[in-house]
Structure formats: C-alpha cells, structure tokens
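Here's the structure we're looking at; comments come further down.
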Amino acid sequence: MVRELPPPFGLRWTPDSGARIAVPVGPSATAVELCLEDGDGSPVRRIPLTERLGSTWWASVDAKPGDRYGIRVHGPDHDPSKLLLDPWALAIDGDVNWLSDPQALRFGSGTDSAAFVPRGIVVDQRFDWGNSGRPRTPWAETVIYEAHVRGSTLLHPGVDPHLRGTYAGLAHPAFVAHLKKVGVTAIELLPIHHSTSEERLAGLGLTNYWGYNTLGYLAPHQAYSSDPHNAVDECKGMVKLLHEAGIEVILDVVYNHTCEAGPLGAALSWRGLDPHGWYRDADVTGCGNTLDLSKISALTLTLDSLRYWVEEFQIDGFRFDLAPALGRGPSGEFSTRSAFMMAVASDPVVSSVKLIAEPWDVGPGGYQVGQFGVPWAEWNDRYRDFMRERWLGEGTLGAMARHLTGGPDLFYDSGRRPWASVNFITAHDGFTLQDLVSYNDKHNEANREDNRDGTSNNRSWNHGIEGVTDDDEIALSRQRTVRVMLTTLLLSLGTPMLVAGDEMGRTQQGNNNAYCQDNEISWIDWDSADHELLEFTARVVAFRRSRRALQRDQWLTPVQGEWFAPDGAPMPFDRWDATSTYGMALLIIGSDVGEPDLLILFNDSSDSTTFTLPHLERAWHYVFTSDLVDPPALVASAVELRGRTIAVFESSKSTTATVGQQSQG
C-alpha cells in the first residue's frame, strides 16, 4: 500500500474535499491535537492528528468555514498546556492578552493559555474577482505612496464613519479619488499581516500601531476590517477596487522576526511547535528572535505566504523589512546565494511581482544597499540622507548628480536599471516632511521612553524656531523647502516614494518614531490639509508621469544627459567634488522618446543665483518652479532663482526663445 503524502501546511477547507490540517513540529513530539471550536458554540473537540511523515503531522477533520481552532503538541520538548496558533492560518480571531496572566503564555509554565490567545479561523477561499486584473504598471512608471490602512482614513470626512480606518475605507471612492488626484500608481501598505502588540507596550497602555510584530503571515489583520468575521474578503475587495482604479497594492512584510520576542518570550505559535526549528541563536533584528530562513520550516512558511498573497489576494509586490536578515545563511552572513534569495529569484510566482528590499538589518555586515541584484529594487537611504543634507548646504555636486540620475554607482554594476533605486526623503520611520523642516530634534515623549527612542540623526532644520510658529517668514521658508524636496524627489530618475500625508503638510508633532501612537499623532488630519501643497504635489507628479524622459528604463548616457554650470557652460570637471553650493543644470534629451528636451535648474544655495540657459540651438519655455512664485526675472537667455529652488524648462520647435506663465504640468 502506498503511503499518502502530507497535504500542504495549515488547515484548508474546500467544498469538494472538506478540511485537512498539516503542521510541522519538533522531532521529539509524541502527539499533536487539533482543538476545534465549532462556530455554533459547541464544546471544544480535541482531534488527534493521526498521520505522520518525518516532522509533519496531519489528518482529515470535520471542520467548516467559520470554525475556530488551535493546536496542542505533546512531547519532551513541548508544552501541551499552550494552545498554539497555526502559522499557516488564513484568518485569525482575537488578540493576545498579555496582562491577565503573563506566565500563562510562557513556554514550560504549565498554565493553560487558551483563555489568553487568539484562534485560527477556517476560511472559504472562494472570491469573485470579476474582470479585475493587476494594473501591471512598469517599474519605470511607478510612483509609490506609503500608507497605513487605519491612519489613512480614520479621520477622512468623505469616508462613511463605519468604514474609516478599514480595508473598505482605503478602497472608498473618496480615498481612491485622493490617490488619483495625487497621481500615484501604487500604494505600499504598512504591515497588514495579523499582528499583536508587545507585552511591554500593552503594559504601558500603548499598541504596536505600525504592525511590525507579526502573529500570522497568511492572515490579514482582523482589526482593519469593518466586519471582524469577514477580514479576508474585505481585504480582497480592497485590492480589487484599487486595481479597478489602476492602483497597484504593495505590502510591507516582516519575515525577519515574529511577535514571540526573545528566548524567554511567549509560546504563541512557532516556539511551541518546535522550540529549535525557527529562530537563529544570534539576533540581527533587535527584536530578540530572528527567523532563520536557512531552516526548512521558516523558509517554507515565508514562500507559502508570499505565493498566497500573490495568488489569492492578487498583490502586486512586497517591501521586505530588514531584508538582509532573510538572506543570511547558516553561518549568519548575508549572501545573494542564500536559500531565501535563490528561492525568490527562481520562484515563478514570487519573482513575477515587484520586490523591494529594505537593505539593512542590525547584525554584522547588515548594511547591504546596492547588493541585492536582479530582480530586486531597494530603499535607497543614501538618497534620503544626501538630499536632506544637500538642501541644507552639504554634500558634493557629483554625489547629487548620481542620486538625481538613479544611483548608477549603486545599481549599474549589478545589471539593474534606474528604477532599482527606490528614492525617498521621508518614510514611516522618521520625521514627516513637514516635521523635517520644523524640528531640529525629535520629540518622542508620548512613546514613554524618556525620548530615548528614535534616531537623533535626522538631518533636519527647523528654519529658526522649533515646532509650530506664527512667524510668517519662517512659515514661508519652510513651505519653499518642502516644495523643493518634493520636486527633487519627483524629478529624480528612479522610483519615487511619497509618504501618506506629506503631500498635505501632515505633522507628527516632532515624533520621529510613532510606531506606538494609534492616535492623532499618526492619523492623517484631513481637516488641516494644506490644499495648495496638495495641488502642487499633484502637478509635479503629473508632470513626471507625462514625460517618458523622466521615466527611463535605461541609464542616461552622455548623449542623453548633460550637466551645466549656472553660467551656461558645461560643468567644469573640478567642480564635481566641491561641497560649495554652486548650483547646476541638468539637460535631459527627450528626442529619443519623441518629447521636448528638459532643462532642470537646481539652485541649492541659500542665495539667489542667475542661470544662463544653454542655447545649444534650442529655444526654452518655462514650465514650473518649486518656488511659491514664478522667478522674478524671466528672460529669453537667463533666469534668476531664489535660494533653494528648482525650475524646469523644456525645448521648443520655435527659433525664438520665449518664457510662458507657470504651467499646470
């Protein structure tokens, strides 16, 4: 008789074959039980998993959609008093109760944990996608909008009150209209895998608002659903409606650690199933329990999760938190040939979507910017740091030129293209753009860590007064700096990423680490939106998206791009290494893509500078400026720009140079 092979991991139900469950457990396990709670409230049934092959235990079970369940494992290295969550659960009901009896959650305590832990839910995976399909926006045309499901719409007056802060709220016509107005092509969501707060935060009355504390890698976070019994379908519906609007959905995913904390932490799932089968001895995440993707269970779960979100939720891409931790082999060193990196590159499902690395962790050799290779894009923090510094008067012109053209020094040699550089000036982690120009120092007192948390290296400038001010001159100066940074980001080659609310002047009151602030500090205040800034941002995004010359899929060659000094002459070679703020102009040839040539003037000085427009047998038309007003001296051959200003011109077929009024882009 041929022995049956185990089914895929997790508890899966289909209308044709019913329910089957399979889980991997430690080698010393002597028995595994499914604890099934019928949806009608009947007593818990303990069902033994009777089949075993190697470390996998499985059984066919009498379960139906809506039933809740957990797992108990018996054996010398296990604690059957712990009711464990299935790592492959497709939906999760409830949260961890850290406060009533913390010892009940500890491995080996002998106290039953059932009253303090969430349950998996049996799911009917059928969903009507209709004619919805992925937008499949090319990388070179992508503009990313990083957002939080809850914080984006919780205060939105145009979203139905019962839908605010939910998946349905994010797909509400009022919010989708905003995304379309800004002009972004993809929304990158902070983690929506089911998560929980840390025990420490629960004790302080705070929550892990950002969600980087995963409890379930295949389950959408239940609290983001307007109907807690329908999180899976509501999340799929969100993706469907965003796709119908032409907007891709990218998920920020946290496969580097779980919510179980360090060796003395809770046994909620993984640690209870196999105390030695999931984590590294060395922590490279700062969270005490780095998942070891050189171990088969951890790697299988990660790949199963990625495929599931692509195939079942039609997700368009992933941003991997602390990605080097995933690419570390058994010895602990990062390698592009590690099990995870090779598996992703060779998997036809996972490699078909957008893959973005946060290319650093906190372990030895953890800074890997530029090292991920094909098919990866990467968060480029060097772009972030340099652009902040340069607009405050530091950094060389040569470095600025490289960052403006996609970072060839980082990404060219690996065979990648400019879009591999995900350019950003702000992200969820750090100051908002408004706070970047309003605070010299972090103000994280609300996090209740005596302002010790969060970086002190913000490269920010308050323009003379810390925080909110009634000084009109300082307020105007801040507005100009915000606009010049947004313009820089959106005119740079590469993939720009905006942070939700930056286009409207959102502030976090100087908090640069608002991970635990589920309140007005983190939520977008739609009533206080800066509508002039919103209009400006939308205009510059529209200009970028209307010019293929700014969405190049290939590196600029000397024939396609040329640099000029403010006097209109080619940039002197000896000036590239200068840190002085001379200003410069970038000419991008558009004729190879059937467009006018672009001339972008960068005055990174604090003083006004006169730019002579290089003729090159071209006539130039003024398009727009980052300044609040048009340049004061618009003439055919020269233009005076105030300090910290960008101006854009394009060539004309006419033989006489003219300057028009500011375009709407």
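Calculated FRET efficiency, His162 and Thr396, Cβ-Cβ r, R0 51 Å, to nearest 0.05?
Numbers: r = 54 Å, r/R0 = 1.05.
The calculated FRET efficiency here is 0.40.
Return the lysines within reach of Lys295: Cα separation strictly under 24 angstrom, same-chain partners fewer than 8 residues apart disregarded; answer none if there are no such residues.
Lys82
Within straight cross-link reach of Lys240, meaning Cα distance under 16 Å, which aspartates and glutamates are found once same-chain residues fewer than 8 apart are removed?
Answer for Lys240, where 16 Å is the Cα cut-off: Asp128, Glu188, Glu248, Glu311, Glu312, Asp316, listed by chain and number.
Looking at the chain, what % of its DSSP beta bridges pair antiparallel, to the nearest 5?
Values: 65 of 91 bridges.
Antiparallel: roughly 70 percent of the beta bridges in the chain.
Output the direction-averaged projected area (hull surface divided by four) of the convex hull of the alpha-carbon atoms of segment 94-150, in nm².
Details: hull surface 33.4 nm².
Over every viewing direction, the Cα hull of segment 94-150 projects on average to 8.4 nm².
At a Förster radius of 25 Å, what calculated FRET efficiency corresponds to the Cβ-Cβ distance of Val362 and Leu204, to the nearest 0.05?
Using R0 = 25 Å, I get an efficiency of 0.60.
Can you find, among Ser438, Ala357, Trp461, the residue sitting farthest towards the positive end of the charge dipole of the chain, where Lys and Arg contribute +1 and Asp and Glu -1 at Cβ?
Ala357
Would you mind calculating the gained length between Ser42 and Asp607 on full extension (0.36 nm times residue separation, minus the Cα-Cα distance), in nm to one decimal? The partial results should precede the final answer.
Numbers: separation 565, 0.36 × 565 = 203.40 nm, distance 7.59 nm.
The span from Ser42 to Asp607 would gain 195.8 nm if fully extended.
So how far apart, in nm, are the two label points at Asp112 and Asp16 if each is 7 Å from Cα heading toward Cβ?
My value for the distance between the label points is 4.0 nm.
Counting only heavy atoms of protein chains, what accessible area per residue, in Å², does segment 410-457 have with a probe of 1.4 Å?
Result: 41 Å² per residue.
Report the FRET efficiency, 1/(1 + (r/R0)^6), for Arg448 and Val468, where r is their Cβ-Cβ distance and R0 is 25 Å, rounded to 0.05.
Working: r = 23 Å, r/R0 = 0.90.
Efficiency at R0 = 25 Å is approximately 0.65.
Note the angle between two axes, namely the Cα long axis of helix 173-182 and the longest principal axis of the Cα atoms of the chain, as a number of degrees from 0 to 90, rounded to the nearest 10.
Between the helix axis and the principal axis of the chain, the angle is about 40 degrees.
Jot down the radius of gyration and Dmax of the chain, Cα atoms only, both in angstrom.
Just the Cα atoms of the chain yield Rg and Dmax of 26.8, 90 Å.
At 7 Å along Cα-to-Cβ for each site, give me the label-to-label distance between Val349 and Asp567 in nm.
Placing both labels 7 Å along Cα→Cβ, they lie 6.3 nm apart.
Report, in whole Å, the centroid distance computed from the Cα atoms of segment 334-384 and segment 170-235.
24 Å
Run the dipole for the chain about the Cα centre, Lys and Arg Cβ at +1, Asp and Glu Cβ at -1, nothing else charged, and hand back the magnitude in debye, nearest 20.
Working: 56 positive and 87 negative charges, 285 e Å.
For the chain, the charge dipole is close to 1360 debye.
How big is the dipole moment of segment 523-586 about its Cα centre under a simple scheme where the beta carbon of each Lys and Arg is +1, that of each Asp and Glu is -1, and everything else is neutral? Debye, nearest 20, please. Display every interim value, and only then the final one.
Values: 7 positive and 10 negative charges, 94 e Å.
Dipole about the Cα centre, nearest 20: 460 debye.
Tell me, what % of the accessible area of the chain is carbon and sulfur with a 1.4 angstrom probe? Write out the running numbers ahead of the final one.
Details: 12500 of 24860 Å².
Using a 1.4 Å probe with all protein chains present, the chain comes out at 50 percent carbon and sulfur.
How far apart, in nanometres, would the label points at Arg307 and Val593 be if each is projected 7 angstrom from Cα along the Cα-to-Cβ direction?
3.7 nm
In a shell of Cβ-Cβ distance under 15 Å around Asp518, excluding Asp518 itself, what net charge do Lys and Arg (+1) and Asp and Glu (-1) give?
Numbers: positive: Arg150, Arg164, Arg448; negative: Asp95, Glu198, Glu520, Asp525.
Combined, the nearby Lys, Arg, Asp and Glu give -1.
Roughly how many Å is it from the Cα centre of segment 396-415 to that of segment 62-91, as a whole number?
50 Å
The values are calculated or read from the model by the stated rules, or taken from the named source; none is laboratory data. Please read these numbers as outputs of a predicted model, since none were measured by experiment. Backbone-built Cβ (ideal geometry, glycine too); neighbour counts: all protein chains shown. Side chains are part of the model used for accessible areas, which takes the heavy atoms of the whole protein and leaves out ligands, DNA and RNA. Shrake-Rupley method; radii C 1.70, N 1.55, O 1.52, S 1.80 Å.
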